[in-house]
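Participant: Mind looking over this structure? Questions follow.
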Amino acid sequence: MRLTLFYDHLLDPVGGAPVGLHHLLRALPDDAEVSVWARRRAEAEPDLGASTVRRYDSTAELHRQLGAWLDEDRPDVVIVIGFYIPANPPVAARLRRAGVPFVVAPLGQLATSTMDGRVFSQGCDVGDLEQQTLNLDNALDRIRDRTSPAIKRLYTLGAGRPMLAAAAAAAAMSEIEAAEIHAVDPDTTIVRLPWGVDTATLVDEPDDELELWTDDDRTRLIVWSRLDWYFKGLDRVLAATDAAARTTGTAPFRVLLCGPDYRGGSNLAREAATTNAADIAVASTGEYTPGSKRPLREADGAVLLSRWDGSPRALREAVHFGLPLLVSPATHFADLVESTGAGIVVDDPEDVEAGATAVAEFVDGIRSGRFRPGVERLAHTLDWTTIGRDLVDQLATLAPVRRRRTQAAQ
């Protein structure tokens with residue numbers, strides 16, 4: 001198969017989506033002939049395996065090269081990465097006219113809360129959130145924030161929905177993202193593209209790593225994530241654990257919030273922890289590095305109750321270390337957790353009582369070993385080699401179908 005990926009940011013050396021795609025490209029089967037298109041970057045380029053890299057400095061340059069490339073080096077399938085990327089609809093239109101089947105991968109950008117602007121306007125103490133979490137410190141930022149949902153809806157109607165309608169399929173990380181895609185275009189065919197974990201960054205490190213756990217028999221729950229108070233749902237975790245501890249009168253668990261600070265989230269968490277009935281510790285670690293994994297390796301369970309997320313690396317790494325998961329639907333892990341039995345999904349994390357019940361059940365399940373087989377099943381699902389092979393198998397079924405449709409239309 002001749003496969004091509006289009007993504008403006010593919011050559012970025014950091015970031016969840018670029019780094020995940022780097023791993024995917026290195027994991028694709030050897031018999032797949034892969035090329036990528038990406039905007040040129042000044043930094044050293046990442047390892048993209050055996051892929052042929054085509055660079056452009058501007059959208060205009062991209063389109064000048066695109067026609068000749070389609071004539072000379074026509075791929076079997078193209079994956080267009082991202083939904084709210086202005087360069088993508090014109091690329092999709094060129095592919096459609098050329099009769100080349102393409103797949104749109106929205107990367108979690110179709111979350112209903114983001115589309116409707118609710119993620120920017122609801123939650124505890126909205127006025128404080130604007131300053132502390134969204135950092136809207138000037139009039140232009142505030143205008144952009146208020147108009148963003150309307151702009152996204154216009155983009156979806158004028159460019160995004162036609163792009164999906166012309167695609168052979170859309171790639172979804174989860175059943176929730178598939179539903180988000182179908183809310184835009186109900187007839188879109190779905191291929192599954194979960195995100196895996198890079199085991200090379202999770203090797204054992206020397207003994208000088210962080211030591212943040214108390215040596216006792218309490219269950220160790222970790223929020224291993226960017227410490228973003230609102231978007232990562234730290235307030236939800238603290239409310240649920242506080243209520244769980246107050247309900248039982250004792251708390252057979254402790255909670256560690258560990259990761260890079262984001263817009264003061266670690267300080268907000270420390271302040272809230274002072275009145276929490278559970279034992280809460282907060283450690284702002286700077287950027288993730290291979291040597292920062294010890295708190296994760298020594299935990300018993302991972303918690304993430306995000307309001308918006310893609311496919312969090314934090315959860316994928318937790319599964320690699322054998323940790324069961326307590327998650328919100330917005331993590332795009334709900335169907336994976338439920339189908340494998342690898343943990344618990346809190347359907348409505350804004351409901352503190354429901355969150356507290358889930359925390360108590362999660363701790364009991366960890367202590368009984370109930371989730372262990374499910375975590376092993378989920379770990380296999382998140383293997384990049386398995387993901388790459390499955391993706392190519394799915395795309396192979398799309399290519400001839402799309403060509404027949406194009407020929408029939410002509």
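Participant: Determine which member of the set GLY123, GLY67, GLY127 is surrounded by fewer than 17 Cβ atoms within 10 Å (Cβ to Cβ) and at pLDDT below 50.
Facilitator: Residue meeting the stated conditions: GLY127.
Participant: While we're on this one: So which strands (runs of 3 or more DSSP E) are wholly in the range 262-353 and hold at least 3 residues that are over 27 Å from LEU24 (Cα atoms)?
Facilitator: 279-284
Participant: Can you work out which of the residues in the range 151-177 that are part of a helix (DSSP H, G or I) and of a type in the set (Gly, Ala, Ser) is surrounded by the fewest Cβ atoms within 10 Å (Cβ to Cβ)?
Facilitator: Only one residue tops the list, namely GLY158.
Participant: Which of the residues that make up the range 71-91 are closer than 19 Å to GLY108 by Cβ and in a loop (DSSP other than H, G, I, E, B)? Step through it out loud before you land on a result.
Facilitator: Step one: list which residues in the range 71-91 are closer than 19 Å to GLY108 by Cβ, which gives 79-89.
Selection gives GLY82, PHE83, TYR84, ILE85, PRO86, ALA87.
Participant: Give the residue, chosen from GLY355, GLY322, GLY365, GLY301, that is at positive phi and either at pLDDT 90 or above or of a type in the set (A, V, I, L, M, F, W, C) (or both).
Facilitator: Only one candidate qualifies: GLY322.
Participant: How many residues are assigned to a loop (DSSP other than H, G, I, E, B) and either in contact (Cβ under 8 Å) with a residue 40 or more places away in the chain or closer than 13 Å to THR385 by Cα (or both) if we restrict to the range 19-48?
Facilitator: The qualifying residues number 4.
Participant: A further question follows. Scanning for something at pLDDT 90 or above and surrounded by fewer than 18 Cβ atoms within 10 Å (Cβ to Cβ), does the range 8-24 turn up at least one residue?
Facilitator: No, because not a single residue in the range 8-24 is at pLDDT 90 or above and surrounded by fewer than 18 Cβ atoms within 10 Å (Cβ to Cβ).
Participant: Could you list all residues from the range 338-365 that are farther than 18 Å from THR219 by Cβ and either charged (D, E, K, R) or in contact with a Gly (Cβ under 8 Å, 6 or more places away or on another chain) (or both)?
Facilitator: GLU338, THR340, GLY341, ASP347, ASP348, PRO349, GLU350, ASP351, GLU353
Participant: Filter the range 49-64 down to residues that are outside any strand (DSSP E or B) and loosely packed, with under 13 Cβ neighbours inside 10 Å, then give me how many there are.
Facilitator: So the count comes out to 5.
Participant: Now a separate question. Whether any residue in the range 347-357 is closer than 26 Å to PRO194 by Cβ, touching a residue at least 40 places away in the same chain (Cβ under 8 Å), buried (at least 20 other Cβ atoms within 10 Å of the Cβ) and of a type in the set (A, V, I, L, M, F, W, C) is what I want to check.
Facilitator: Looking for residues that are closer than 26 Å to PRO194 by Cβ, touching a residue at least 40 places away in the same chain (Cβ under 8 Å), buried (at least 20 other Cβ atoms within 10 Å of the Cβ) and of a type in the set (A, V, I, L, M, F, W, C), one finds none in the range 347-357, hence no.
Participant: Could you give me the residue pairs with C-beta distances under 9 Å whose first residue belongs to the range 375-391 and is under 12 Å from TRP195 (Cβ atoms), whose second residue is acidic (Asp, Glu) and at pLDDT below 90 wherever it lies, and which are 6+ apart or on separate chains?
Facilitator: Within 9 Å, the pairs are TRP384/ASP198.
Participant: Could you tell me which of the residues GLY369, GLY341 is surrounded by 16 or more Cβ atoms within 10 Å (Cβ to Cβ) and not aliphatic (A, V, I, L, M)?
Facilitator: After ruling out the rest, the residue left standing is GLY341.
Participant: Yes or no: GLU298 crowded, with 22+ Cβ neighbours inside 10 Å, in contact with a strand residue (DSSP E or B) (Cβ under 8 Å, 6 or more places away or on another chain) and charged (D, E, K, R)?
Facilitator: So GLU298 does not fit the description; no.
Participant: Okay, moving on. Pick out the one residue from ALA330, ALA245, ALA240 that is surrounded by fewer than 24 Cβ atoms within 10 Å (Cβ to Cβ) and among the hydrophobic types (A, V, I, L, M, F, W, C).
Facilitator: Of the residues listed, the single one that is surrounded by fewer than 24 Cβ atoms within 10 Å (Cβ to Cβ) and among the hydrophobic types (A, V, I, L, M, F, W, C) is ALA245.
The values are calculated or read from the model by the stated rules, or taken from the named source; none is laboratory data. Computed from a predicted structure; not experimentally measured. Counting neighbours? That spans all protein chains shown, and the Cβs are built from the backbone with ideal geometry, glycine included.
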